[in-house]
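Student: Before anything else, here's the structure in question.
The values are calculated or read from the model by the stated rules, or taken from the named source; none is laboratory data. Keep in mind the model is a prediction, meaning the values are calculated, not measured. For neighbour counting, all protein chains shown are included, and Cβ atoms are generated from backbone atoms with ideal geometry for every residue, glycine included.
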Amino acid sequence: MIGFLAVLPVVFTLPGDIATLRQNTDLHERGRTVSAVVVAVEEQHHTGHRGGSWTEYWPVTRQTIDGVTSTTPLRGYASTARERYQRGQRLTVLIDPDDRRTIALAGAGARASLQRQVRIGAVVGATGAVFLAIGVPVTVRQARSHRRRTALAKPLGTARKRWWSRPRG
């Protein structure tokens, strides 16, 4: 059960984190650096299955490239620290020269944060997979053993009569 609970969220989040890191790596190699301003900070509140909760915040930036102004939410750079992004804050972003809608944060801190997210996701997923690899066979063995015990058990009312419960005659 623990393995399943560890692997399930990773299955949904890790591919997106890896894609964002790859995009960031690609844009660091061939992207164009532009200054952007945070025009809004979007947030999403999450509630865990055991009552825990957290909120993620990510910037929505406005940048001008060759006279064309665009606004882009950078959801891949979400943080649980409310103060990380502030409206009016200036950020350096990388723009894909082939597709100007593809934007990534340029700072080393943003890249390190993405790498940390991928690393944590991989560790949690691998740990969950180990628990699954151990837990599933154990659970199957226990279920089979329980089934055998119940199949061999005598039905109710077939117990041997005790001398004190026999009718006296």
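Student: Name every residue in the range 94-108 that is out of contact with any His (no Cβ under 9 Å at 6 or more places or on another chain) and crowded, with 22+ Cβ neighbours inside 10 Å, in order of residue number.
Tutor: Matches in the range 94-108: 95, 103, 105.
Student: Where residues in the range 1-24 are of a type in the set (Val, Ile, Thr) and exposed (fewer than 14 other Cβ atoms within 10 Å of the Cβ), which of them is modelled with the lowest pLDDT?
Tutor: The residue in question is 2.
Student: List the residue pairs whose Cβ atoms are under 6 Å apart, where the first residue sits in the range 56-80 and is within 15 Å of residue 105 (Cα to Cα) and part of a loop (DSSP other than H, G, I, E, B), the second is acidic (Asp, Glu) and at pLDDT below 95, and the two are 6 or more positions apart or on different chains.
Tutor: 78/56
Student: Please work out which residue is surrounded by the most Cβ atoms within 10 Å (Cβ to Cβ), limiting yourself to the range 81-93 and to residues that are in a loop (DSSP other than H, G, I, E, B) and of a type outside the set (D, E, K, R).
Tutor: Applying the filter and picking the extreme gives 85.
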